[in-house]
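To start, the structure itself, in structure tokens.
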Amino acid sequence: MSLNYLEFDYSEDADGVGTFDALATTAPAHNATVLAEVATVLAWAHHAFEAQRAPLDEGGEWDYDLQGWREFSAVDVLDFDDHSGKLSVQAQATGAARQSVSLSVTGTPGFCAAFRERFQLS
């Protein structure tokens, strides 16, 4: 299975522990798809490495950190009056929220190899 919104960057420490980091920010029309991809990744990890999720320094095979937030933006219309030399600001309505999701998955070399294979990562 390939992922359309989650694009993972990979880093590895001196002990071979790897971390896959992804950040996706989407418009409301795509939020459900991103969340479905996150659920797919975590469901696979829980199933493939059942009962092995724990901090790696406590003997776990893998762990994750998941965060999400929404951002609202509004456009200001700026107008310069050349006769008075003044600038006026007219705030516009807030637009639809963009959703951001951050997912970091950390694992042992064996977990990382399986993760790469399952999600077709290079």
Would you be able to say whether some residue in the range 61-70 is surrounded by 12 or more Cβ atoms within 10 Å (Cβ to Cβ), among the aromatic types (Phe, Trp, Tyr) and either in a strand (DSSP E or B) or touching a His at 6+ places or on another chain (Cβ under 7 Å) (or both)? yes
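For the range 99-111: of the residues being surrounded by 15 or more Cβ atoms within 10 Å (Cβ to Cβ) and either more than 18 Å from the chain's Cα centre (by Cα) or of a type in the set (D, E, K, R) (or both), which is farthest from Ser11 (Cα to Cα)? Walk me through it before giving the result.
Of all residues in the range 99-111, those surrounded by 15 or more Cβ atoms within 10 Å (Cβ to Cβ) come to 99-108, 111.
Keeping just the survivors that are either more than 18 Å from the chain's Cα centre (by Cα) or of a type in the set (D, E, K, R) (or both) gives 108, 111.
Numbers: Thr108: 12, Phe111: 14 Å.
Here the residue is Phe111.
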Condition met for Phe49 (farther than 12 Å from Ser104 by Cβ, of a type in the set (Phe, Trp, Tyr) and touching a residue at least 60 places away in the same chain (Cβ under 8 Å)): yes
Quick one: in the range 14-24, which of the residues that are modelled with pLDDT of 95 or more and surrounded by fewer than 17 Cβ atoms within 10 Å (Cβ to Cβ) is nearest to the chain's Cα centre (by Cα)? Leu23
Note on the range 1-12: residues of a type in the set (S, T, N, Q) and part of a strand (DSSP E or B) are Ser11
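I'd like the full set of residues that are touching a residue at least 60 places away in the same chain (Cβ under 8 Å) and in a helix (DSSP H, G or I), limited to the range 13-41. So that I can check it myself, show each step before the final result.
Just the residues of the range 13-41 that are touching a residue at least 60 places away in the same chain (Cβ under 8 Å), to begin with: 16-28, 31, 34-35, 38, 41.
Residues satisfying the conditions are Pro28, Asn31, Val34, Leu35, Val38, Val41.
For the range 89-122, which positions are touching a strand residue (DSSP E or B) at 6+ places or on another chain (Cβ under 6 Å), assigned to a strand (DSSP E or B) and either touching a residue at least 60 places away in the same chain (Cβ under 8 Å) or of a type outside the set (S, T, N, Q) (or both)? Spell out how you get there, then give the answer.
Going through the range 89-122, the residues touching a strand residue (DSSP E or B) at 6+ places or on another chain (Cβ under 6 Å) turn out to be 89-92, 94, 97-107, 111-112.
If we keep only those that are assigned to a strand (DSSP E or B) too, we end up with 89-92, 94, 98-107.
Listed by number, the residues that qualify are Val89, Ala91, Arg98, Gln99, Ser100, Val101, Ser102, Leu103, Ser104, Val105, Thr106, Gly107.
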Would you be able to tell me the number of residues in the range 69-92 that are closer than 30 Å to Val34 by Cα and of a type in the set (Val, Ile, Thr)? 1
Every listed condition ((1) modelled with pLDDT under 95; (2) in contact with an Asp or Glu (Cβ under 6 Å, 6 or more places away or on another chain)) holds for Ala51 save (2)
With the checklist (1) free of Cβ contacts under 8 Å to residues at least 24 places away in the same chain; (2) surrounded by 11 or more Cβ atoms within 10 Å (Cβ to Cβ); (3) not in a strand (DSSP E or B) in hand, flag the one item Val75 doesn't pass. (3)
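The values are calculated or read from the model by the stated rules, or taken from the named source; none is laboratory data. All values reported here derive from a predicted model rather than from experimental measurement. So basically every Cβ, Gly included, is an ideal-geometry build from the backbone, and we count neighbours across all protein chains shown.
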